[in-house]
Structure formats: C-alpha cells, structure tokens
Amino acid sequence: MKLRYFAWLRDGMGCESEDIVLPARIRTVGMLLDWLPSQGERFRNAFEFIDVVLVSVNREYADRDHPVCDADEVILAPPIAGG
C-alpha cells in the first residue's frame, strides 16, 4: 500500500509518502488508522490527532468503513481552514 502524507502529517512522518505491507487482518480504513500508531514512535506521534484527518483511498474520500488492500493508495490530509 502506498501511504501519502500532507501538511503536519508529512512533517511528523518525515516523508511525503511510503510503501507499507498491509497485514491481512487490516481490511478497512478504520482498522488501518487504528493499526498504524502501533508501528512505532514516529507513527504514534504523527497520528496523535488522526481523528481530524481526511482519508482518501484511490483518490476518493473514504470513511472508516471503506475497504482497503495492498494495491491501494491512501492519502492522509489534515483539513484545510480558510480565513
């Protein structure tokens, strides 16, 4: 799976994108978001406020129930506020 990060998530992760191998038990966006912080301190710190992050799977907005698989591209982007 290709993970792409934007804004403060990109800063916290220290990269724009990375490839991960998705465990077979991870089948939805929600499961992915719950699992990623368990992958080390870098993920734990960057994902502290993951509840406000918008998720896109293969360029379509996705909720926590949306299915995911290893072939997907998942974009994690904080909401953008205007003034």
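Taking the stated definitions as given, is Ser56 exposed (fewer than 13 other Cβ atoms within 10 Å of the Cβ) and not in a loop (DSSP other than H, G, I, E, B)? It is false that Ser56 is exposed (fewer than 13 other Cβ atoms within 10 Å of the Cβ) and not in a loop (DSSP other than H, G, I, E, B).
Criterion applied to Asp51, Asp19 was being out of contact with any Lys or Arg (no Cβ under 6 Å at 6 or more places or on another chain), more than 11 Å from Ile75 (Cα to Cα) and of a type in the set (Asp, Glu), and the one residue passing it is Asp51. One residue is enough: does the stretch 10-17 have a residue meeting the conditions under 18 Å from Val57 (Cα atoms), in a strand (DSSP E or B) and touching a strand residue (DSSP E or B) at 6+ places or on another chain (Cβ under 6 Å)? Within the stretch 10-17 (the criterion being under 18 Å from Val57 (Cα atoms), in a strand (DSSP E or B) and touching a strand residue (DSSP E or B) at 6+ places or on another chain (Cβ under 6 Å)), the answer is yes, since at least one residue qualifies. Checked against (1) touching a Leu at 6+ places or on another chain (Cβ under 9 Å); (2) part of a loop (DSSP other than H, G, I, E, B), Phe43 passes all but a single condition, namely (2).
When we screen Ala71, Ala7, Ala24 for residues that are in contact (Cβ under 8 Å) with a residue 24 or more places away in the chain and exposed (fewer than 13 other Cβ atoms within 10 Å of the Cβ), the only hit is Ala71. Does Tyr61 fit the bill of being modelled with pLDDT of 95 or more, crowded, with 18+ Cβ neighbours inside 10 Å and of a type outside the set (Val, Ile, Thr)? The answer is no for Tyr61.
Would it be correct to say that Val68 is more than 12 Å from Lys2 (Cα to Cα) and under 13 Å from the mean Cα position of the chain (by Cα)? Spell out how you get there, then give the answer.
Values: more than 12 Å from Lys2 (Cα to Cα): no; under 13 Å from the mean Cα position of the chain (by Cα): yes.
Against the criterion (more than 12 Å from Lys2 (Cα to Cα) and under 13 Å from the mean Cα position of the chain (by Cα)), Val68 does not qualify.
Based on what the data block shows, is Leu33 assigned to a strand (DSSP E or B), buried (at least 17 other Cβ atoms within 10 Å of the Cβ) and under 11 Å from the mean Cα position of the chain (by Cα)? No; evaluated as a whole, the condition is false for this residue.
The values are calculated or read from the model by the stated rules, or taken from the named source; none is laboratory data. Note that the coordinates shown come from a computational prediction; the quantities given were computed from them, not determined experimentally. In this analysis, Cβ positions are derived from the backbone assuming ideal geometry, glycine residues included, and neighbour counts consider all displayed protein chains.
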